[in-house]
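The values are calculated or read from the model by the stated rules, or taken from the named source; none is laboratory data. None of the values given here were measured: they were computed from a predicted structure. No Cβ is skipped: glycine too gets one built from the backbone with ideal geometry, and neighbour counts run over all protein chains shown. Note: areas computed on protein heavy atoms with side chains; ligands, DNA, RNA excluded. Shrake-Rupley method; radii C 1.70, N 1.55, O 1.52, S 1.80 Å.
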Amino acid sequence: VTPEIVTSVADLRERLDAARSESRRLGFVPTMGALHEGHASLIRRARGECGHVVVSIFVNPLQFDRPDDLARYPRSLERDAAVCERLGVDTIFAPVLEEMYPRPQVCTVDVGPLADHLCGRFRPGHFRGVATVVLKLFQMVGPDIAYFGDKDAQQLAIVRRVVSDFSVPVVIVGVATVREADGLALSSRNARLSPEERAVAPRLYRLLQEVRRRIESGVRDAADATGQAVAAVPGAGRLEYLDVVDPETMHPVATVAGPVIVAGALWVGSTRLIDNVRCTPPA
Ligand code: AMP
């Protein structure tokens, strides 16, 4: 079956009310489009667990901190619709800007200290924009389960907390990061990399793995675990941050005493790549 492409909130609600009245479990995968195998993994998981799968495709200006990043963000609705069809998606929600923001967004979600570190520190307002659009989308879709990638660990932690703090009746599922054969995490922004930049890009994941190995071999001092790795960063990329953080608060830990997330951001040319790994110190 061809997925229905819905562009208005009213049509979306009507269609999803019908699905709900057939007591179909509603699965939701929010995206910004330019769909790749990472998105496909979320959609497959939703397809396996839910009776009706909704994918939203909306490039949210509210979460972009740099105008050039928004202008250069890849858009490919026709291709995306074909991908969704192949994966058995029931509904594609693809609103235009005016549908999503008919009036200026005066009220927004303040994510507090969850945005103090990692991407939040370097992208002012980014997670306010993410949390705001996700809460809006949850109100529009009313999903039973929503799927997010581990790739964006800080985003996932923030979505979980928004849902908890605002009592949103939805279950949040995190899905493992899908990678290229050389370890590079799939991202819509990878399409912008030149062949030379593409060759440098996998070093971010290698760096994270190196820190993980050190932690798993018993290095408990976070600065020790990251220090040597950072010194080895090649000149071709500029490391924005590399931090060992608590999986819930997203605040750096000085001493590793339990499960942590090692997260990094690497600039390759004018493209910013992020990635993270989870690791647990030896007992
Ligand atoms: P985006 O379209 O980049 O906003 O991503 C939409 C969703 O797909 C988010 O929940 C991302 O975390 C997730 N995602 C993006 N890339 C990957 C990946 N390589 N593996 C798994 N999930 C991903």
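Around the Cα centre of the chain, unit charges on the Cβ atoms of Lys, Arg, Asp and Glu (plus for the first two, minus for the last two) sum to a dipole of about 280 debye.
Helix-only mean residue ellipticity at 222 nm, the chain, DSSP H runs n ≥ 4 weighted -39,500 (n - 2.57), per residue, nearest 500. What is it?
-11500 deg cm²/dmol
For the range 243-270 versus the range 128-206, the inter-centroid distance based on Cα atoms is 15 Å. Please list, in order, the residues from the range 111-141 whose amide nitrogen is less than 18 Å from a point placed 7 Å along the Cα→Cβ vector of Asp246. Once the point is set 7 Å along Cα→Cβ of Asp246, 111-121 turn out to lie under 18 Å by backbone N, inside the range 111-141. Treating each Cα of the range 201-263 as an identical point scatterer and summing with the Debye formula, the log10 of I(q)/I(0) at q = 0.18, 0.20, 0.23 Å⁻¹ comes to -0.59, -0.72, -0.93.
Of Val55, Val89, Val219, the residue with the greatest mean-square motion in the GNM of the chain, using alpha carbon springs below 10 Å, is Val219. With everything on Cα atoms, drop me the angle between helix 77-86 and the longest principal axis of the chain, reported from 0 to 90° to the nearest 10. In the chain, helix 77-86 runs at an angle near 90 degrees to the longest axis. Relative intensity of the range 89-157 on a log10 scale, I(q)/I(0) at q = 0.12, 0.25 Å⁻¹, equals -0.38, -1.26, per a Debye sum over C-alpha point scatterers of equal strength in the absence of solvent. Once divided by 2.2 N^0.38 Å, the Cα radius of gyration of the range 1-91 becomes 1.14.
Compute the relative contact order of the chain as a whole-number percentage, counting only Cα pairs closer than 8 Å that sit 6 or more residues apart in sequence.
Values: 491 pairs, mean separation 50.4, N = 283.
18 percent.
Taking the convex hull of the Cα atoms, report for the range 37-133 its projected area averaged over all directions, in nm². Spell out each step's value before the answer.
Values: hull surface 30.8 nm².
Result: a mean projected hull area of 7.7 nm².
If the Kirkwood radius is taken over C-alpha pairs of the chain, then at 25 °C and 0.890 mPa s the Stokes-Einstein diffusion coefficient equals 124 µm²/s. Angle check, please: helix 126-141 long axis (alpha carbons) against the longest principal axis of the chain (alpha carbons), in degrees 0 to 90, nearest 10. Tilt relative to the chain: about 30 degrees. Dipole orientation for the chain: of the candidates Gly88, Ala115, Leu208, Leu208 has the Cα lying most toward the positive pole (charges on Cβ; Lys, Arg +1; Asp, Glu -1). For Trp267, the amide hydrogen comes within under 5 Å of the amide hydrogens of Arg238, Leu239, Glu240, Leu273, counting only partners 5 or more places away or on other chains and with H modelled in the peptide plane. Each of Arg203, Arg86 has its accessible area taken with a 1.4 Å probe; listed largest first, they run Arg86, Arg203.
Volume of the convex hull of the range 158-220 (Cα atoms only), normalised per residue: 142 Å³.
Calculate, for Leu239 and Glu180, the FRET efficiency according to 1/(1 + (r/R0)^6) with r their C-beta to C-beta distance and R0 22 Å; round to the nearest 0.05.
With a Förster radius of 22 Å, E is 0.65.
Between Ser23 and Arg213, the modelled labels are 5.3 nm apart [label points 7 Å from Cα along Cα→Cβ].
For the residues Ala131, Ala223, Ala18, a GNM of the chain with alpha-carbon springs under 10 Å puts the largest fluctuation on Ala18. Based on the alpha-carbon set only, what is the convex hull volume of the range 67-120 divided per residue, in Å³? So the per-residue hull volume is 172 Å³. Along its principal axes, the range 136-283 has C-alpha extents of 46, 41, 23 angstrom, given from the largest down.
Provide the per residue accessible area, probe 1.4 Å, for the chain, rounded to a whole number of square angstrom.
On the way: 12990 Å² over 283 residues.
Ligands and nucleic acids excluded, the figure is 46 Å² per residue.
Counting 0.36 nm for each residue step from Asp116 to Arg75 and taking away their Cα separation leaves a gain of 11.7 nm. For the chain, modelled as a GNM whose springs connect Cα atoms under 10 angstrom apart, the maximal fluctuation among Cys84, Cys119, Cys107 occurs at Cys107.
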